[in-house]
Structures are given as C-alpha cells and as structure tokens.
Amino acid sequence: MLIHEYHNRISLALDALGIPGELIARKRLPFYVEASELVIAETDESNREYLLVPEAAQAWWAMKDAAQEDGVVLEVVSAFRSVERQIEIIRAKLERDMPIETILTLSAPPGYSEHHTGRAVDINTPGCVATEEPFEHTDAFRWLCRHADRFSFTLSYPRGNDLGFIYEPWHWCYQTGR
C-alpha cells in the first residue's frame, strides 16, 4: 500500500472516531505505518498467535531465553496490532462514553500505535494481571529494566512520558538500528 493511501485510510478512521487532528498534533504523537512482513513470535495456551517483524521476533526469542535462564518467565500478551484492531479498541471505549481526551491517555489512535510497527510487545509474567501497573513489582519487570536494552527493547511509556500516555510498565518496543 502506498504511504499516501495509508495516510488517507488513517485520516478517514480518525474522522469516523471523532478524533480531531489538533488533538494528535498537540500530543505530538509519532505516526507509524503498519508492518507488512510479520512472523509468529509466540503462541499462547489458547493458540492465539502474536506477530512481530522478523528482527523484533528474533530479539524477543533471545530476550525470553535469557530471562528464562535467570529464572524469569516473560510472556507476550499483545504484539502487532492492525489499524482495524486499534479502531475497535478506541470505538469500544467511546461506546462506554469515555471522553476522547481520556481514551488518548490509555490507547493510541489508529496510525499512532507502536503496535502497528510489529516491534512493540506488551509483556506479562505468571501470577500478574496483564497490562496493569502492578507488573512493575514483578521479577519480570525488574529483569527487563536491567537487561532489555541488551536486546534493543526499551520501555516506551515511563511515568510522565512526553506523549501523555499512562505509565505502562508492560509495554516495550524493539528499537531498530541499535
């Protein structure tokens, strides 16, 4: 798909969701294009497949193995997310009468989610509720803080991040070219 077509697709989605361009501009959100080449990075117990771009998947496998060697279990609970899935997430929150300003502290609008790149993973560990702040108190989070950089993964949304998203200790993104 041509980038011009992708921009139009995103523009139409934002209009349909009632997300004003000024709000995105004010938040200075980076624009992300959907990944086109994806591989299965992990399959959970329910046979749900989590996809990443090949380079990120290889780094994930190496990081997961290194954590396992240290007695820490890392699990993917979200990875690549299409624009359509991001639209569904935003729409569900709108249907619960959540204000768009609040939604955009919890979820990126379509076209602006790191998950579109196929490089972002939401990570959990057994015994912890997925995508909740208490993840920061786990051995898995402490291990990631010490070792994730070795595998080119960084915490995307620390406390007080410049993009205005909530603190997400579970959300890590593979940085290319490092």
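The values are calculated or read from the model by the stated rules, or taken from the named source; none is laboratory data. The structure presented is a predicted model; accordingly, all values stated were derived computationally and were not measured. Virtual Cβ from ideal backbone geometry, glycine too; neighbours counted across all protein chains shown. Just so you know, the surface numbers come from the protein's heavy atoms only, side chains and all, with ligands and any DNA or RNA stripped out. Shrake-Rupley method; radii C 1.70, N 1.55, O 1.52, S 1.80 Å.
Ranked from the most accessible area to the least, with a 1.4 Å probe and all protein chains present, what is the order of Arg150, Arg9?
On the way: Arg150 150, Arg9 55 Å².
Largest to smallest exposure gives the sequence Arg150, Arg9.
The listed peptides 15-24, 116-125, ordered by packing as a protection proxy, come out as 116-125, 15-24 (highest mean of other Cβ atoms within 10 Å first). A 1.4 Å probe, protein heavy atoms only, puts the accessible area of Phe80 near 50 Å². At a probe radius of 1.4 angstrom, the accessible area of the chain per residue rounds to 52 square angstrom. Placing pseudo-labels 7 Å out from each Cα toward the beta carbon at Ile166 and Glu84 gives an inter-label distance of 2.7 nm. To the nearest Å, what is the center-to-center distance of the stretch 48-122 and the stretch 129-178, using C-alpha atoms only? A separation of 12 Å, based on Cα centres.
Computed over protein heavy atoms with a 1.4 angstrom probe, the accessible surface ordering of Glu133, Glu88, Glu95, Glu168, largest first, is Glu95, Glu88, Glu133, Glu168.
In terms of accessible area, using a 1.4 Å probe and ignoring ligands and nucleic acids, Asp149, Asp44 rank largest first as Asp149, Asp44.
Counting heavy atoms of the protein chains alone, Val39 has an accessible area of about 50 Å² for a 1.4 Å probe.
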